[in-house]
Amino acid sequence: MKLLAIESSCDETSAAVMVDGVLKSNIISTQLIHTEWGGVVPELASRAHQKSIIPVVTEALQKANINKNELNAIAFTRGPGLLGALLIGTSFAKSLALSLNIPLIEVNHMQAHVLAHFIEDPKPSFPFLCLTVSGGHTQLVWVKSALDMEVIGETQDDAVGEAFDKTAKLIGLPYPGGPLIDKLAKEGNPDRFPFSLGEMPGLNFSFSGIKTAILYFLQKEVKNNPNFIEENKADICASVQKSLIDMLLRKTKKAMKEMNCTQIAIAGGVSANSGLRTRLTEMGSELGWEVFIPAFSYCTDNAGMIAMAGHFKAEAGEFCGQDVSPLARYELAAKPLA
Ligand code: ATP
Ligand code: MG
Ligand code: FE
């Protein structure tokens, strides 16, 4: 089975080729245009996808050494994401599938983030718990099988990636700030400024309070010392990162206990965070968990994970028709509609 996969849900245009479950290429073009606006501008994202999609797909096919006429199916991200951005990938996938007379596979982007764990060894076995932490989501997912997942806890407001990015903005770092906080945090003292987060009941999260807490804290400090941020950037980053990770790990530990589970996986853009990777690994060895951490290239948005999800769906015979349309909101547990 030769599969082409397309991802266009946010600000990465990506295409991948997978042959019989083995990833042959995974080309990712990250849109840099949003940096100057301090966040993703949906209309600019759609236009950039339009511009990049043909070169990205061409490169993915070339790198995999596959001619488009050899393809057996096309998988694409149907949602969740920015509707205009999703439309570019969806329309492209539909047109190419129509012209090649091959079937389509619609993929849920959040399911694909979890399934990124099956691209390379070591792979978790079912069932396992996955903490999905990205720019738009923070979810504890009970993964019963490749195509059967249940959200057992999630954020009630901002995603943790958003909390990273918004804090970064407050201290003058460019978008996306998550990776920059990670970098600066390495040189800082995580216990210098204890920022507290609101605690949600059960397995749910809340991350919207931290940016207000930090904003007020910075306003107060800057009044006394105009250079406060510059002089304490690393300590601020380390402290914020610690508060966010504490919250993620506290709920993860609780969920692992409730589910009587010993395998934990992390997925999504924030799973690239070195602090989270280290502390989860430490917690895992302390509590006897098997910890699964994806390679960096499969953490943030990429079509390789869409191909992996497409592969599982093809095996299950889950194809869709040409009447499929993108979904800005797409629940993880929702049954696919044609
Ligand atoms: P979703 O998957 O929920 O639709 P998205 O696709 O925009 O959202 P991803 O591409 O999975 O999200 O992740 C992007 C997020 O990951 C951004 O918020 C970014 O700041 C964050 N991120 C990436 N690398 C790191 C890092 N090293 N430390 C912290 N955050 C990071
Ligand atoms: Mg992105
Ligand atoms: Fe994503």
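Return the inverse of the average 1/r over all pairs of distinct C-alpha atoms in segment 7-120, which is the Kirkwood hydrodynamic radius, in Å to one decimal.
Numbers: mean 1/r = 0.0691 Å⁻¹.
Answer for segment 7-120: a Kirkwood hydrodynamic radius of 14.5 Å.
Can you give the helix-only mean residue ellipticity at 222 nm for the chain, where every DSSP H stretch with n ≥ 4 adds -39500 (n - 2.57) and the sum goes over all residues, rounded to the nearest 500 deg cm²/dmol?
-14000 deg cm²/dmol
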- line: Ignoring trypsin sites (Lys or Arg not before Pro) buried by more than 15 other Cβ within 10 Å or outside DSSP loops, the longest site-free run in the chain is 1-185
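Which value results for Rg/Rh of segment 122-294 when Rg is the Cα radius of gyration and Rh the Kirkwood radius based on the inverse mean 1/r? Don't skip to the end; give the middle numbers.
Working: Rg = 16.4 Å, Rh = 16.5 Å.
Here Rg/Rh amounts to 1.00.
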field: Environment charge at A16 (Cβ cut-off 11 Å; Lys +1, Arg +1, Asp -1, Glu -1)
entry: 0
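What's the extension gain from T58 to L249 if we count 0.36 nm per residue and subtract their Cα-Cα distance?
64.7 nm
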statement: The alpha-carbon center of segment 1-80 and that of segment 230-286 are separated, in whole Å, by 30 Å
field: With Cα atoms, 0 to 90° folded angle of helix 42-64 axis to the chain main axis
entry: 60 degrees
task: With no solvent and one equal point scatterer per Cα, compute the Debye intensity ratio I(q)/I(0) for segment 221-317 at 0.12, 0.24, 0.25 Å⁻¹ and report its log10, rounded to two decimals.
output: -0.57, -1.19, -1.23
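D for the chain, whole µm²/s, Stokes-Einstein with Kirkwood Rh over alpha-carbon pairs at 20 °C and 1.002 mPa s: what number? Don't jump to the answer; show the numbers that get you there.
On the way: Rh = 20.5 Å.
Stokes-Einstein gives a translational diffusion coefficient of 105 µm²/s.
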query: Nearest 10 degrees, 0 to 90: what angle lies between the long axis of helix 209-224 and the longest principal axis of the chain (Cα atoms)?
result: 40 degrees
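Below 8 Å between Cα atoms, with a sequence gap of 6+, how large is the relative contact order for segment 122-294 in percent?
Details: 307 pairs, mean separation 47.1, N = 173.
Answer for segment 122-294 is 27 percent.
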message: Counting just the Cα atoms, what span does segment 170-232 cover along each of its three principal axes? Round to the nearest Å and put the largest first.
response: 40, 26, 23
query: Nearest 10 degrees, 0 to 90: what angle lies between the long axis of helix 303-315 and the longest principal axis of the chain (Cα atoms)?
result: 50 degrees
- prompt: Relative contact order (percent) for the chain, with alpha-carbon contacts under 8 angstrom and 6 or more residues of separation?
  reply: 25 percent
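Read-outs throughout are calculated quantities, based only on the coordinates presented, and are distinct from any laboratory measurement. What you see is a predicted model, and the numbers here were worked out from it, not measured in a lab. Heads up, the Cβs are rebuilt from the backbone with ideal geometry, glycines too, and the neighbour counts pull from every protein chain shown.
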